[in-house]
Every structure is written in structure tokens, then in C-alpha cells.
């Protein structure tokens, strides 16, 4: 029977990469991050391939009389941004630095315990050369409590992130926070059949300007049948409800056909596709196609190729009376070296603006294309590493802008 992929603690998200988040693939998507029903990547079928290699494992032992293991370290990053405010005609460059200590606790570093807890905390101390009024400390924390039984798996999770960076849907530099919390469970009811369910609530808040965040609740229930040892088929029902001062309440129901395919450890595919009926304040129902696809192909021991596609809806943060229907696609190649790794790829977002209720008017849709190249290598030992990234973005829409970001950093784990 297919099993949901569970990344062992030593392979889970490693906090030293937190310093890279402002310039990695989701750099300009603060507005859309609220629509992710699984922000910690718990129980995913397709194995997570990090942008850069993981740090050293947290294995064995206990410190301070507390069962489990602690990991801690420090990241230092400097970034050049050619268009700090995402301006169309008056580009303003900026240099800034981030100092990011991190702390991690794993209750079951060796794996195999029926109950496990993983917690991360990472403040980021940011300093800007030209915009010193933005100097501040941003806090990020997450926790996941998981239960693994003979036929049932369940996880309870929560995360909080304070974020500062450019946002492509507001066409500006923003500060804000994002909270997410939820519960997910999977139950095997027969040798080849399982049921799963999840409930997630996320809330975004902007600290700058007159921008309005969105609260999004997502409920999911579905079943999966393993047709063969490689192929799983199923169906699910998903309910989404968003609430914002800018657009009121918007809801959507989606009936999804689900498929999973795995060929040894080389090919992994997870797909959810189906019709979605949505409605918002004072408007008729709209029919669209909901898509969530992730694929990974291990070309050989050195190369891997990942792809994903997803649709989501969120309230427009900068203008009342609009919701944004977003269509996302990315593809990337990862190359492992004897000492280090490289990742390159592209992202494309098409954001369609739709009026709500009796609002009349029109706003240009946004098309956003980004190319990125990242490189990592250890220095002297596996505990010390150098990272770098180049990202070039083109935006066509309400504002036409381009942006080049270059980041260099050093991460150390103790």
C-alpha cells in the first residue's frame, strides 16, 4: 500500500535556510502564502527536495535532562536588490543584511516513536543601507506534533512568521505576519484503501500602508485506493472559505480526482484535478478548474528535476472589490556535486483580478516570470556552508517592472 512520505527528522526542513527565504522561489508571494493548506509540508507524497542541501543531522542523545535533541546555529546573509520598491520607472536599489540565529528541538531524532514533536524558532535581524527605518527583528516559529499508529497517522501543527520583503501583488515592499494552524489525519481502513482529512486556518496581516490581509479556512476529506504497488487512485472534496475587509466572504467547493504514481525512487507524481464552484459577496457562482500537481524525476545520482502547478484564490490586498485567481507553475533542476549543490529553474504566475459583487471596473491582470540560480557548498566542514543566489524577475500588469536580486551568505550549525 502507498504510504505518505514522512521525512525523517534529520531530513526535515533545516532552519539555516531561513536566511535564504526572502530571495528564494517564494520571495514575492507573501499575499499568496496564506492559501497554502500545508505550510510545513507534513505528510507529502512527493519527497521534498530542498533548494539547498540540509545541514548536519540532529541524532541521538539528550541535553539538559530533556528527552530528545536540540540543534542550533547562525546564518548571515547580504542581499543586493535592484528594485526595492518594485517601481515601474523610478527604480531604487538597496543593500541589506540579515543575521539569523536558529534553534530546533526534535523529540525523536532517531525516528520510530509513536508520538514526536518538532519545533523551530528563528529571529531574523535585518539592517538596510538606504531605508534604515525598516531595521527590525522578524520572528519565525513553527511546531508540529505527530502521532503514528498501526493504521492511523495524525499531525497537529502551527506556524507564525513575520515577513519583510517585496510583494508582487501589491507592487511594493511590505511588512506583515502570517499565522497558520491545522490538523490532518490519515486512516487505513483496508489493506489497499485509506481515508484522509485535514482542517487548516491561515491569516495574513499587513503592517504597512492601507493593505488588508485575508483569513482562509480549508477543509479537506478524501479516499485513496492502491490500484497497483505503483499507482494510487482516489477522490476528495475540498471546501475553502476566505474573508477580507477588501472583498468580504468568498467560498469555493472542489470535487477532485486524485492520483499518485511512484516508480521505485526515481519518479514521483501527485496530482489533484477537478471542477471548482466558487462564489463571493453578491455574485453568481463561477465554475473553474482546480489544480494541484507535484512531480519529481531523479534523472541519475547527480541530477533531479522537479515541477509543480497550483491554483488558488485570495483577496486583493491593495484594492477593495477584487479577488485574485492565481495560476502558478514552476520547474527546477538540481545538481549534486562532490562538495556542494546547485539549483536552477523558473517560476511563472498568472494572477487574474475578478470583481466582487456590485463593483464595476477593471484592473490589469498580472503576469510574473522569475528565473533563479542558487549554489551551496560546505566550507572546511559540513557544519559551515557558503550559499549564493541570483534571481531575475519580470512583471507585466498594473505595473511593469523588473528586479535583480543577488544574495551571498554563510551558515553555521553548532
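The values are calculated or read from the model by the stated rules, or taken from the named source; none is laboratory data. Note that the coordinates shown come from a computational prediction; the quantities given were computed from them, not determined experimentally. All Cβ positions, even for glycine, are placed from backbone atoms using ideal geometry, and neighbour counts span all protein chains on display.
Consider residue 347 carefully, then state whether it is in a strand (DSSP E or B), surrounded by 18 or more Cβ atoms within 10 Å (Cβ to Cβ) and in contact (Cβ under 8 Å) with a residue 24 or more places away in the chain.
Judged against the criteria, residue 347 is a match.
Determine if region 269-290 includes at least one residue that is closer than 24 Å to residue 181 by Cα and in contact with a helix residue (DSSP H, G or I) (Cβ under 6 Å, 6 or more places away or on another chain).
No, that holds for no residue.
Checking residue 22 against (1) part of a loop (DSSP other than H, G, I, E, B); (2) modelled with pLDDT under 90; (3) farther than 30 Å from residue 266 by Cα, which single condition isn't satisfied?
(1)
Looking at 326, 368, which one is touching a helix residue (DSSP H, G or I) at 6+ places or on another chain (Cβ under 8 Å), in contact (Cβ under 8 Å) with a residue 60 or more places away in the chain and part of a strand (DSSP E or B)?
326
Taking residue 95 as the residue in question, decide whether it is surrounded by fewer than 15 Cβ atoms within 10 Å (Cβ to Cβ), at pLDDT 95 or above and not in a loop (DSSP other than H, G, I, E, B). Reasoning before the result, please.
Numbers: surrounded by fewer than 15 Cβ atoms within 10 Å (Cβ to Cβ): yes; at pLDDT 95 or above: yes; not in a loop (DSSP other than H, G, I, E, B): yes.
Judged against the criteria, residue 95 is a match.
Against the condition crowded, with 19+ Cβ neighbours inside 10 Å, at pLDDT below 95 and farther than 30 Å from residue 242 by Cβ, how does residue 116 come out, does it pass? Reasoning before the result, please.
Numbers: crowded, with 19+ Cβ neighbours inside 10 Å: yes; at pLDDT below 95: yes; farther than 30 Å from residue 242 by Cβ: yes.
Judged against the criteria, residue 116 is a match.
In this structure, does residue 124 turn out to be buried (at least 16 other Cβ atoms within 10 Å of the Cβ), under 19 Å from residue 101 (Cβ atoms) and in contact (Cβ under 8 Å) with a residue 40 or more places away in the chain? Break it down stepwise before answering.
On the way: buried (at least 16 other Cβ atoms within 10 Å of the Cβ): yes; under 19 Å from residue 101 (Cβ atoms): yes; in contact (Cβ under 8 Å) with a residue 40 or more places away in the chain: yes.
The answer is yes for residue 124.
Given the structure, is residue 180 at pLDDT below 95, buried (at least 20 other Cβ atoms within 10 Å of the Cβ) and under 30 Å from residue 94 (Cβ atoms)?
Here the answer is no, as residue 180 does not meet what is asked.
Report, ordered by the first and then the second residue, all pairs with beta carbons closer than 8 Å, sequence separation of six or more or different chains, a first member in region 109-121 that is closer than 14 Å to residue 42 by Cβ, and a second member that is assigned to a loop (DSSP other than H, G, I, E, B) and modelled with pLDDT of 90 or more.
116/107; 117/107; 118/107
So residue 216 clears everything in (1) touching a helix residue (DSSP H, G or I) at 6+ places or on another chain (Cβ under 7 Å); (2) closer than 25 Å to residue 123 by Cα except one condition, right? Which one?
Unmet for residue 216, out of (1) touching a helix residue (DSSP H, G or I) at 6+ places or on another chain (Cβ under 7 Å); (2) closer than 25 Å to residue 123 by Cα: (2).
Would you point out which residue out of 86, 42, 74 is buried (at least 18 other Cβ atoms within 10 Å of the Cβ), modelled with pLDDT of 60 or more and more than 17 Å from the chain's Cα centre (by Cα)?
86
So which residues in region 379-396 are free of Cβ contacts under 8 Å to residues at least 60 places away in the same chain and either surrounded by 16 or more Cβ atoms within 10 Å (Cβ to Cβ) or in a strand (DSSP E or B) (or both), if there are any at all?
Selection gives 379, 381, 384, 386, 388, 390, 392, 394, 396.
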